[in-house]
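The numbers here are math on the coordinates, done by the rules we state, and not lab data. None of the values given here were measured: they were computed from a predicted structure. For neighbour counting, all protein chains shown are included, and Cβ atoms are generated from backbone atoms with ideal geometry for every residue, glycine included.
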Amino acid sequence: MPNDYMETLTCPFGELATNLNDSELRETAYEILVGACLSSGGKTSNNKVSDSERNSEKAGAAAATPQTSLTSRAASKVKKALGLRSRRKKASATKPVPGPGSDRVSKASCIEETFRVQMGVSEQTDSIVRRALSKVAADQKIESIVLPLEMLQQLKPADFTSLEEYQASQKRNLKLLEAGLLLHPLLPLDNNNTDAQRFREIVNGAPDTIKNNESMQALRSIVTSLACRTREDGSVSGTCHWADGFPLNLKIYQMLLEACFDVNNDASVIEELDDVLELIKKSWPVLGMNQMLHNLCFLWILFNRYAMTDQSEVDLLNASEDILTKVENDARALKEDANCAKMLSSISSSILGWAEKRLVDYHSHFHSDNAELMQSMVSMAVPSAKIMAEDRVEVDGVDVGYKKVDEYIKSSMRAAFAQASSQYFSMIVMEKEKSSKASSKDDRGELPLMARLAEEVSKVAFREKETFSPILKRWHQLAAGVAVATLHSCYGNELKQYVSGVHELSPDILQVLKHADRLEKDLVQIAVENSVDSEDGGKSIIREMHPYEAESVTSGLVKSWITERTDRLKEWVSRNLQQERWDPKATRERFAISAVEVLRIVDEAFEAFFLLPITIHAALLPDLATGLDACLQQYISMAKSGCGTQTFVPTLPPLTRCSRRSKLGTVFRKREKGHKKTQGGTGNDNDSYGTPQMCCRINTLHYMQTQLDGLAKREMTHLTNSVSTQDISNGLEKAFKLSAAACEEGIQHLCEATANKVIFHDLSHLFWDGLYIGEVSSSRIEPFLEELDHHLEDISLTVHDKVRTRVITQVMKVSFDGFLLVLLAGGPARAFTLQDFEMIEEDFGFLTDLFWSNGDGLPSELIDKFSIAVKLILPLFQTDTENLIEKFRNVTLESCSSSTTKSKLPLPPTTGQWGPVEPNTVLRVLCYRNDEMAAKFLKKTYHLPKKL
């Protein structure tokens, strides 16, 4: 890891209440260890070894570096257990020259010499210490000796090169006694303890107060009394307690453990680690140490050394991890002592705090190449957290390790997302600054920033899945699931804010939603895969991932886009059709140009729809097709508006009885003509409703009908997305059924309106207002047929071939129906005798011949179909009046209830369904019969008037 991660951690051992520095503590630690070796009877510890032997021993130890000691083992058990490595240096080119006493150089002496070098103690100081302690330690246990007291008595100014050195040694030993007996005693001091008060006086007056044997004996008496006080239970211990109080003992022990590291390489332990640690253990009785405290101290030393160096020696961290496991097992016992508990809490807190600085944002600190380091840090953090949780494995029902790792995952994911999003927001600022300068061509092909953020989040998720989740799964079964759920939530918040500011469809928002949907699918897939072995199959994680509903948002925006398009088209239709003149000469095919435009707009709408970068074309196609279909229906409706089928059909006049003709007939006929003009309806003289224009309308709807049939197939070529062709094809075909039906109904409506206009408006003066007015013989049908023939020719030339027969057929039907209206409802101006039948029948023959046109017109079957009603009714006009009256009575009585009497016939209603046995039809023949018997019958039976 980079050097900028080097840290100086606060020492958890506490601070001394006196100014003993590390050098003084290191000297004291060395003296304790030498004293322990001497008191335990070590071979190098007795003073029978000659100076020459000792010099030879030192020369041999010096020739071999501390890393390549003659006594180093091939493989250290401690290092192997902790996974530590030492760095060997090349041996000196000068091999050690065996001295006269080399055969007596023991392993112990070599280890002690190695330790001296590691502690930085000079040979002179070592010699002074050994000479002083050899006099008192040989026959005593080290724990029964107050070492500083003995050093005060044994050392003389002659042992030092200068008086200043001697005085410094005296002051150091007095400060040690003060620290161990007064400031940091193992057993608490009574405020009224006179020895303590006297000792303070001596310390304050030293070294003048201990110039002779008498003062030294007084000091010994006081120190021994303080060091060998009885316990609270009254028991007396054989151990002198002068260096086993907290934190003095820990500070001294720290100096001993620091000697385990190579003086030339702070991050490496020495080769002789096993032997040195065994040597250090000899200090335990003096310092009040045990295996648990040793583990706790050694844990801190290893971990602190790793944190203080460049953190390249992962072995130190791994060794710390192994020892921390032992400390965790001893945590309950350690917490029984207040001082141990305080130190344990402090060390755990330091380790946890240091590790969490990396783990709360592990994406910034770790990668695939150093993922193992992250695993070691988690292995350090979790036990530390458990220790600090007051021995509770669970907090609030949740495992402490699980909870911590859960926090690390969520925190790291938020940090990773924040880093990605900060880049995203900085890019927004940059793009806004250069937006005015950059051309649209330069931006073409670039993803919107939110889409790019989605891609970056996806990369973070897969990096988490591949690199970190497998490590974290040891503590958290749903590690990957929690990670992606956190990322899902982070991006979801940004997406929600982004979408809230979007009110119309654009390529950017569709790209963003597309990438958001893809990201969500990736995250859910990772969560599902990670949760296969969980108890609930990952349902709890999935429930936390509230859907982005990108498809729903996309659907809403596209629907708004569809609504906007269709609304604009409706406005276009309304505006343009109000100005449409329906000129058949506007196009070669004789239909309105607006039809071409509206279909082009529809086609463009489909093309734009299929070009939208979405995956839900099939789902939204019905909405678009329905909207466009409604626009086409509006066009069709407006194309036939104002062309009512009953606009020109004359209303039926009231029934009257006919009287014998008089001279008033001509005058009456003139009045009737004027009256009939109003009955013929109010024709619209606007050019847009002329016969050519009506034919243009028909052609237009026919053109649209034919184009609708092929519209779906044409639109299939616009597909650029992954939607299935079959789904879209079916949707298009179904969509225009209403428009197609409206076209069919519109064509029929316009055919009827055109026919009624031609017969009852354009030719009204020859047909409704002229045919059979007055004498039949003088108002025959020929003039009407001549004009009708011209109109039919114009229609044939204007209307499309495919609908020509329909239009002419409708004209024929209306002319046949009109012929019956002339005969049955022509008003008082018309009257018929039996002799008129032949002319009427002949005229109708002329009318049918016109449409047959010697075989070039309508099919005879079609003519027969529509002429059958006239042909069945015409015989009534040659039936004599008496039989006609009798026929009327019979058909009327048959149609009425049995209670009706022959003396009172009901007036049959006008149904418009003319027929030879329909009572109203027979009655009307009688009304228009120019016969006295008929007139008397109608007057007597129904009191019908002669005129209106």
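Annotations for the structure displayed:
- Sorted by Cβ neighbour density within 10 Å, fewest at the top, the residues R806, R332: R332, R806
- Here the relative contact order of the stretch 234-389, from alpha carbon pairs under 8 Å that lie six or more residues apart, stands at 20 percent.
- The simple spin-label model puts a point 7 Å past each Cα toward its Cβ; for E745 and E123 those points are separated by 12.1 nm.
- In plain terms, the residue of W354, W242 with the fewest other Cβ atoms within 10 Å comes first and the most crowded comes last, giving W354, W242.
- Candidate cross-link partners of K946 among the aspartates and glutamates, defined by an alpha-carbon separation under 16 Å and a same-chain spacing of 8 or more, comprise E672, D931, E932.
- Relative contact order of the stretch 873-943, taken over Cα pairs closer than 8 Å and 6 or more residues apart, is 36 percent.
- Between K171 and N370, full extension at 0.36 nm per residue minus the direct alpha carbon distance yields a gain of 66.6 nm.
- Placing dummy labels 7 Å off each Cα toward the beta-carbon, the span from Q197 to N264 is 5.8 nm.
- As a rough footprinting exposure proxy, the listed residues E841, E504 were ranked by other beta carbons within 10 Å of their own, and the order from fewest upward is E504, E841.
- Note on R889 and T230: their simple-model spin labels are 15.8 nm apart, each label 7 Å out from Cα toward Cβ.
- The stretch 765-948 - percent relative contact order, Cα under 8 Å, separation 6 or more: 22 percent
- The gain in end-to-end length when the L183 to R131 segment is fully stretched comes to 15.8 nm, 0.36 nm per residue minus the alpha carbon separation.
- R0 of 56 Å, Cβ-Cβ distance D322-S637: FRET efficiency to nearest 0.05: 0.05
- Using a Förster distance of 56 Å, the FRET efficiency for S346-D533 (Cβ separation, nearest 0.05): 0.90
- Net charge contributed by nearby residues that have their C-beta within less than 13 Å of R414 (K/R +1, D/E -1): -4
- Dipole in debye (nearest 20) - the stretch 765-948, about Cα centre, beta carbon charges: Lys, Arg +1; Asp, Glu -1: 1320 debye
- Calculated FRET efficiency, N213 to Q291, Cβ-Cβ distance, R0 = 35 Å: about 0.25 to the nearest 0.05.
- If the segment from Q423 to I593 were pulled out straight at 0.36 nm per residue, it would be longer than the present Cα-Cα gap by 55.7 nm.
- Restraint check, K521/K559; K904/K940; K514/K559; K326/K473, Cα-Cα greater than 19 Å: K521/K559; K326/K473
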